[in-house]
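In what follows, a structure is listed as structure tokens, so that the remarks can point back to it.
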Amino acid sequence: MYVIGMGEQKTPKPFSTACNAFKYLEVLADEELQSSADNEKVEMKTLESAIIRIISENANLQEEINIGELGSRLQSRYPDFDVRNYGYSKLSQFLKEFDCLSFRQVGSSILVSQKSDGTDLQLIITMLTAIGRGSGSRGYNLGELKKQLCSKMPDFNVKNYGYSKFSRFVENLPGFRIKNNTVVVSEIRD
């Protein structure tokens, strides 16, 4: 007969040696905890991506979303989502775990946005205005504008601002409009 024994580290040696195989419960528990921790990391990464996508899709012009709206949209995408499963009692506490998010209090509301990669949006607007300024009312080619901006700011990526296309990014900037793949600066900033 093949005997498999299980017990704690304090199990008497005669019992563990009498078995063909002996498994220590602490080792199994550690493996389970490690597996659980790995699964939670993957789940948190999935939630982080979903949160960023929700902010991008549903944010206001300042790329912010009300925390209540964010929670509702998370709940509709993941019906089993509950911050208490992660050891938190409030959504705001849970969201602070994500370094990619920033928060702003307006009255009793909390607005959530994605942190940029450190590139200042106002600097980008100033650069785009300077690049497009020479074209006057006829505008500037969208592709050429992006090429010029990326040559001056190699780390620029529209995804850091919640957009998948440069055209959507530019048309949501104040003072810029796109017509026939041409960017027109409607108000000049200094």
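The table for this structure:
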read-out	value
Some residue of region 162-183 being under 23 Å from the mean Cα position of the chain (by Cα), at pLDDT 85 or above and polar (S, T, N, Q)	yes
Long-range neighbours under 8 Å by Cβ, at least six apart or interchain, first residue within 11 Å of Val3 (Cα to Cα) within region 13-26, second small (Gly, Ala, Ser) and modelled with pLDDT under 85	Phe22/Ser16
Cross-chain or 6+ apart pairs with Cβ under 6 Å, region 88-112 first and in a helix (DSSP H, G or I) and among the acidic types (Asp, Glu), then surrounded by 12 or more Cβ atoms within 10 Å (Cβ to Cβ) and at pLDDT below 85	none
Any chance Leu149 is at pLDDT 80 or above, touching a strand residue (DSSP E or B) at 6+ places or on another chain (Cβ under 6 Å), not assigned by TED's automatic domain parsing to the domain that holds Leu70 and not in a loop (DSSP other than H, G, I, E, B)	no
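The values are calculated or read from the model by the stated rules, or taken from the named source; none is laboratory data. Model, not experiment: these values are computed from the prediction. Backbone-built Cβ (ideal geometry, glycine too); neighbour counts: all protein chains shown.
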